[in-house]
Amino acid sequence: EGECAVARRQRAGIAPDKVQEVIDISMEELRNLAQHAPSKDEVEVARDHLKGNTLLSLESTSSRMSRMAREEMVLGRSMSTQEILERLHSAGPSEIQEMAARLFRGPVAVAAVGRTSKLKLNQKDMLL
């Protein structure tokens, strides 16, 4: 087993009156991905985005070092940029759905910072 973190980050944050909606939509998307493979077009858009981010991160020493440290902790080794790009290219819709089914099961933990008094979460809504 392992751990998977899904984060929704915005510089301005999420408006307090939209937090519940963001959580509900996020949970529905995670459930959907665990049950249904994404389309080839969705995978291609995500792949292009990740490739671009990977290549742009090479320009930042801190980004490269953070990636290398993360890989060392998780994999016990550092991956070359070529290996990362090859792995991105090899992942198709069915592999993504299979991994999502393994990762996105069981209860989900939510951490919220800020005005959370109106946030109403119950355990059944947080099950994938």
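With unit charges on the beta carbons (Lys and Arg positive, Asp and Glu negative) and the dipole taken about the Cα centre of segment 46-115, which residue among Ala46, Leu58, Val113 sits farthest to the positive side?
Val113
Hey, could you pull the Cα Rg and Dmax for segment 71-128, both in Å?
Taking only Cα atoms of segment 71-128, I get Rg and Dmax of 17.5, 47 Å.
Using only C-alpha atoms and all pairs of different ones, pull out the Kirkwood radius for segment 14-128 in Å with one decimal.
On the way: mean 1/r = 0.0595 Å⁻¹.
Kirkwood radius, segment 14-128: 16.8 Å.
For the chain, what is the charge dipole size about the Cα centre, in debye to the nearest 20, if Lys and Arg each add +1 at the Cβ and Asp and Glu each add -1 at the Cβ?
Working: 19 positive and 19 negative charges, 106 e Å.
About 500 debye.
Which value, in debye to the nearest 20, gives the size of the charge dipole of segment 8-60 about its Cα centre, when Lys and Arg are +1 and Asp and Glu are -1 at the Cβ? Don't jump to the answer; show the numbers that get you there.
Working: 8 positive and 10 negative charges, 42 e Å.
It comes to approximately 200 debye.
Short version: ³J(HN,Hα) in whole Hz for each residue of segment 50-55, in order, from phi by Karplus 6.51 cos²θ - 1.76 cosθ + 1.60 (θ = phi - 60°), x for Gly and Pro, what are they?
Using θ = phi - 60°, the values come out as 5, 4, x, 4, 4, 5 Hz.
Excluding residues fewer than 8 places away in the same chain, name every one of the lysines whose C-alpha is closer than 24 Å to that of Lys51.
Within reach: Lys40.
Quick one: net charge around Asp17, please, counting Lys, Arg +1 and Asp, Glu -1 for every other residue with C-beta under 14 Å from its C-beta. All intermediate terms of the calculation are to be shown ahead of the outcome.
Values: positive: Lys18, Arg115, Lys118, Lys120; negative: Glu21, Asp24.
Here the charged neighbours net out to +2.
Counting alpha carbon pairs within less than 8 Å and at least 6 residues apart, what relative contact order, in whole percent, applies to the chain? All intermediate terms of the calculation are to be shown ahead of the outcome.
Details: 72 pairs, mean separation 50.6, N = 128.
Over the chain, the number comes to 40 percent.
Could you give each residue of segment 19-32 its phi-based ³J(HN,Hα) in whole Hz, using Karplus coefficients 6.51, -1.76, 1.60 with θ = phi - 60°, and x for Gly or Pro?
Once θ is set to phi - 60°, the couplings for segment 19-32 become 4, 4, 5, 5, 5, 4, 5, 4, 4, 4, 5, 5, 4, 4 Hz.
Averaged per residue, what accessible area in Å² does the chain show with a 1.4 Å probe, protein chains only? Present the calculation step by step, with values, prior to reporting the outcome.
Details: 10090 Å² over 128 residues.
Heavy-atom SASA per residue in the chain reads 79 Å².
If amide H atoms are built 1.01 Å from N in the plane of the peptide, which residues on other chains or at least 5 residues away come under 5 Å of the amide H of Leu121?
It is none; the list stays empty.
Considering only protein heavy atoms and a probe of 1.4 Å, how much of the accessible area of the chain is carbon and sulfur, as a whole percent?
On the way: 5450 of 10090 Å².
Of the solvent-accessible surface of the chain, carbon and sulfur hold 54 percent.
The values are calculated or read from the model by the stated rules, or taken from the named source; none is laboratory data. This one's a predicted model, so the numbers in the text were calculated from it and none came from an experiment. Every residue, glycine as well, gets a Cβ built from its backbone with ideal geometry; the counts of neighbours run over all protein chains shown. The protein model used for the area step is the full one, side chains on, heavy atoms only, and it has no ligands, DNA or RNA in it. Shrake-Rupley method; radii C 1.70, N 1.55, O 1.52, S 1.80 Å.
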